[in-house]
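Scroll down for the structure; my scribbles are underneath it.
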Ligand code: ADP
């Protein structure tokens, strides 16, 4: 039996015409005196995504930039609280995050995300929502043994006991990005060094 929502639905989302709003992304960027873009951190759990997202946000804030962080724990508790951890649900989690980054950058903000985002297809889907040069994929290349050693939230321990299942790197794969804008070796490079590298990239690309 159809529910009332599908009975009332007269158009598919694909055929809906979007309203043209008066203030556009460029207007919002110039009001904020900044370029809007997305920095997408990807890497294994404990590779340093949240740490670097936070440190980058601080540096941008100091420079008078308007940024926002989307991180896994916050999103999983709210926006994606209805989703589980099957491959399909994880794809949907990242799809929603990608859509939010589009809304945030459309508002003239610098959007920083911290999600394992293990599958190339889901990162490409997020990239496709952004103009060329405004999606900065940052691959945190940290060997799994180092991540397991750090295990700041005890996630690997729980994964090995199958209390968390499936867990990237233990039960399911992490697909290394093939063409990320930035690769950081977070095992050997300090947080400061990593942040400097990101800032230099952003400056060279005239994004900040
Ligand atoms: P993730 O968000 O990827 O799960 P976290 O940022 O929560 O990872 O944890 C990473 C841990 O690794 C933190 O304890 C952090 O202090 C440490 N760490 C060591 N070197 C780095 C680095 N270069 N970049 C980021 N984190 C690092």
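Read the figures in this text as sums done on the coordinates, not as results from a lab. Keep in mind the model is a prediction, meaning the values are calculated, not measured. Neighbour counts are summed over all protein chains in view; Cβ atoms, including those assigned to glycine, are modelled from backbone coordinates with ideal geometry.
Residue pairs whose Cβ atoms lie under 6 Å apart, sitting 6 or more positions apart in sequence or on different chains, and linking a residue in region 144-161 that is within 21 Å of residue 176 (Cβ to Cβ) and in contact (Cβ under 8 Å) with a residue 12 or more places away in the chain to a partner that is part of a loop (DSSP other than H, G, I, E, B) and more than 12 Å from the ligand (Cβ to nearest atom), are 159/170. When each of 186, 168 is tested for being within 17 Å of the chain's Cα centre (by Cα), farther than 25 Å from residue 102 by Cα, in contact (Cβ under 8 Å) with a residue 12 or more places away in the chain and surrounded by 16 or more Cβ atoms within 10 Å (Cβ to Cβ), the lone residue that passes is 168.
Only a single item in (1) more than 16 Å from the ligand (Cβ to nearest atom); (2) surrounded by 11 or more Cβ atoms within 10 Å (Cβ to Cβ); (3) closer than 23 Å to residue 127 by Cβ is not met by residue 31, and it is number (3). Residues of region 68-82 that are in a loop (DSSP other than H, G, I, E, B) and either surrounded by 15 or more Cβ atoms within 10 Å (Cβ to Cβ) or in contact (Cβ under 8 Å) with a residue 60 or more places away in the chain (or both): 79, 80. Cβ-Cβ contacts under 8 Å between residues 6 or more apart (or on different chains), taken from a first residue in region 33-58 that is part of a loop (DSSP other than H, G, I, E, B) to a second residue that is within 6 Å of the ligand (Cβ to nearest atom), are listed as 43/49; 43/186; 46/150; 46/152; 47/186; 48/186; 48/191; 48/194.
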